[in-house]
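Reading through the structure tokens given below for one structure.
The values are calculated or read from the model by the stated rules, or taken from the named source; none is laboratory data. Values in this document were obtained by computation on a predicted structure and should not be read as measured data. Virtual Cβ from ideal backbone geometry, glycine too; neighbours counted across all protein chains shown.
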Amino acid sequence: MASSRPTLAAAHRDVTGKKVAHLRKAGKLPAVVYGHGVASANVTVDTHEFEQLRRHVGPNTLIDLAVDGSKPNPVLVSDVQTHRVTQRPLHVDLFLVRMTEELTVEVPLVATGESEAVNTHGGTLLHPIEHVRVKALPDHLPQSIQYDISSLATFDDVIRLRELEIPGDVTLLTDPEEIVAKVIPPRVEEVEAPVVAEGAEGAEGAEAGAGAGEAGESESGSGEGSGEG
């Protein structure tokens, strides 16, 4: 029975070290194929073909790798080194899997649906964790695990990992009590009291004091006049 997995062609590589820069200029991507109990092998793959493949498959997708036209073997892309500016791939690690040996991988969590606490009450949805660790046979590895956030109706509601549907042939390794999603209330902006210009209050007090002094002097003067009469 023919495999339905995506395929990738590779060629044996003798060039190593800084000399691989010439391979990249020629459109070849340096890679290493390794696995449990097998010697690692240096190969190259077509850079454009690899980039196209990565755009259309998930992180845990098995790929049939054929080196120099030999029988394809299933591999996982375990690591991709990229250029820090262009983000173009510079080097790839390909893990040669055994179909009867369970693998431990990171699986992304994907939120679906809508939350009343967000849409109606203006809260902000938080994802404390966005990936979980699982263990499964290579052809049973999930590409993602989805969950519905419609149960988040108030700011007190949370979704824990144990509430998610995990396939029966997948073993969850992350703590099931971990919070997957919650909604926090909107920030309340405090209205600051108006600031009195510096010296204004003192000036007003001085004017009031001056007015009171003038009134006192007037009253005092009138009293003296009436005494003399």
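Taking the stated definitions as given, is Pro74 touching a residue at least 60 places away in the same chain (Cβ under 8 Å), within 26 Å of Ala9 (Cα to Cα), touching a Leu at 6+ places or on another chain (Cβ under 9 Å) and crowded, with 17+ Cβ neighbours inside 10 Å? Can you show your working first?
Working: touching a residue at least 60 places away in the same chain (Cβ under 8 Å): yes; within 26 Å of Ala9 (Cα to Cα): yes; touching a Leu at 6+ places or on another chain (Cβ under 9 Å): yes; crowded, with 17+ Cβ neighbours inside 10 Å: yes.
Considered against the rule, which asks whether it is touching a residue at least 60 places away in the same chain (Cβ under 8 Å), within 26 Å of Ala9 (Cα to Cα), touching a Leu at 6+ places or on another chain (Cβ under 9 Å) and crowded, with 17+ Cβ neighbours inside 10 Å, Pro74 comes out as yes.
Yes or no: region 143-154 includes at least one residue that is in contact (Cβ under 8 Å) with a residue 60 or more places away in the chain, polar (S, T, N, Q), exposed (fewer than 15 other Cβ atoms within 10 Å of the Cβ) and not assigned by TED's automatic domain parsing to the domain that holds Lys18.
Start the filter on region 143-154 by keeping residues that are in contact (Cβ under 8 Å) with a residue 60 or more places away in the chain, which leaves 143-144.
Still in the running and polar (S, T, N, Q): 143-144.
Those left that are additionally exposed (fewer than 15 other Cβ atoms within 10 Å of the Cβ): 143-144.
Subsequent filtering for residues that are not assigned by TED's automatic domain parsing to the domain that holds Lys18 retains 143-144.
Yes, the conditions are met somewhere in region 143-154.
Looking at (1) in contact with a helix residue (DSSP H, G or I) (Cβ under 7 Å, 6 or more places away or on another chain); (2) closer than 16 Å to Lys71 by Cβ; (3) not aromatic (Phe, Trp, Tyr), which one does Val15 not meet, given that it meets all the others?
That leaves (2) as the condition not met.
Please state which of the following conditions Leu109 fails to meet, knowing it meets all the rest: (1) outside the structural domain of Thr171 (by TED's automatic domain parsing); (2) touching a residue at least 40 places away in the same chain (Cβ under 8 Å).
Leu109 satisfies every listed condition except (1).
Checking Val132 against (1) surrounded by fewer than 17 Cβ atoms within 10 Å (Cβ to Cβ); (2) without any contact (Cβ under 8 Å) to a residue 60 or more places away in the chain; (3) out of contact with any Lys or Arg (no Cβ under 8 Å at 6 or more places or on another chain), only one condition comes out false. Which one?
So Val132 meets the others, but not (1).
Which one is farthest from the chain's Cα centre (by Cα), of the residues in region 117-142 that are assigned to a loop (DSSP other than H, G, I, E, B) and either among the β-branched types (Val, Ile, Thr) or assigned by TED's automatic domain parsing to the domain that holds Asn60 (or both)?
Keep residues of region 117-142 that are assigned to a loop (DSSP other than H, G, I, E, B), which gives 120-123, 127-130, 137, 141-142.
Retained after the next criterion (residues that are either among the β-branched types (Val, Ile, Thr) or assigned by TED's automatic domain parsing to the domain that holds Asn60 (or both)): 120, 129.
Values: Thr120: 25, Ile129: 9 Å.
The residue in question is Thr120.
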